[in-house]
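The values are calculated or read from the model by the stated rules, or taken from the named source; none is laboratory data. Everything quoted here is computed from the prediction, not taken from an experiment. No Cβ is skipped: glycine too gets one built from the backbone with ideal geometry, and neighbour counts run over all protein chains shown.
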Amino acid sequence: MADVEVTSLGVVHASASADALDRLVVPGRARACRVAEDELLLLCARDDAGEIVREVRDRLGAGDADALVLDVTDGWAAVTLSGRDPRAAFAYLSALELPVDGFVQGEVVRLPAKVVVEADRVHILVPSMVEVHLHDRLRRRLGHPGVRA
């Protein structure tokens, strides 16, 4: 079965016009996840979030004076499925169809979630207020002894 670990990620939220977000050059150390036409989540190392906010704010400000860019790291909790067949483990958690590499959002163990898929891992992000529920539901659904910190 896949390994389940708590993941420390920085999360930056950007709201701007669709055109400004379409033109945004995302900093290389962040992964962009388009959650709506006028909203973007940028995932990065937790320590980089402040710098990502400044860079993205500067880049968006030129194209959209009303753009809003915030470090929302504390509002999100993340776990990562890795090891032996994380995609198979994810299938026990959600009916969402995973891309080969990319982003999808929807219900995971009956919680609203953002899911980022990489070649050998699946990151699941939920609002931080339901983090304990996520860990409990993962443990029960996967028959896993617990989420490792």
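Below, the figures for the structure above:
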{"item": "Given (1) part of a strand (DSSP E or B); (2) surrounded by fewer than 20 Cβ atoms within 10 Å (Cβ to Cβ); (3) in contact with a Gly (Cβ under 9 Å, 6 or more places away or on another chain), number of the condition E107 does not satisfy", "result": "(3)"}
{"item": "Among the candidates D85, D101, residue that is of a type in the set (D, E) and more than 18 Å from V6 (Cα to Cα)", "result": "D101"}
{"item": "Output for the stretch 3-19, where each listed residue is in a loop (DSSP other than H, G, I, E, B) and in contact with an Asp or Glu (Cβ under 6 Å, 6 or more places away or on another chain)", "result": "A16, S17"}
{"item": "Near pairs, Cβ below 7 angstrom, 6+ apart or cross-chain, from the stretch 75-97 (closer than 16 Å to R139 by Cβ and among the acidic types (D, E)) to any residue that is in a helix (DSSP H, G or I) and modelled with pLDDT of 95 or more", "result": "none"}
{"item": "So E131, is it closer than 20 Å to S8 by Cβ, among the acidic types (D, E) and not assigned by TED's automatic domain parsing to the domain that holds A36", "result": "yes"}
{"item": "Filter result (in contact with a Pro (Cβ under 9 Å, 6 or more places away or on another chain) and part of a strand (DSSP E or B)) within the stretch 26-75", "result": "L42, C44"}
{"item": "Candidate set: the stretch 9-67, residues that are of a type in the set (D, E), out of contact with any strand residue (DSSP E or B) (no Cβ under 7 Å at 6 or more places or on another chain) and crowded, with 16+ Cβ neighbours inside 10 Å; chosen: the one nearest to A77 (Cα to Cα)", "result": "E51"}
{"item": "Condition met for R137 (outside the structural domain of C44 (by TED's automatic domain parsing) and either within 12 Å of the chain's Cα centre (by Cα) or not in a loop (DSSP other than H, G, I, E, B) (or both))", "result": "yes"}
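Condition check ((1) of a type in the set (A, V, I, L, M); (2) in the same structural domain as D19 (by TED's automatic domain parsing); (3) in contact (Cβ under 8 Å) with a residue 12 or more places away in the chain) across all residues:
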| residue | (1), (2), (3) |
| --- | --- |
| C33 | no, yes, yes |
| D38 | no, yes, yes |
| L68 | yes, yes, yes |
| R110 | no, no, yes |
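Table: residues versus (1) modelled with pLDDT under 95; (2) out of contact with any Ser or Thr (no Cβ under 9 Å at 6 or more places or on another chain); (3) not assigned by TED's automatic domain parsing to the domain that holds R137.
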{"position": "L41", "(1), (2), (3)": "no, yes, yes"}
{"position": "D64", "(1), (2), (3)": "yes, no, yes"}
{"position": "G83", "(1), (2), (3)": "yes, yes, no"}
{"position": "Q105", "(1), (2), (3)": "no, yes, no"}
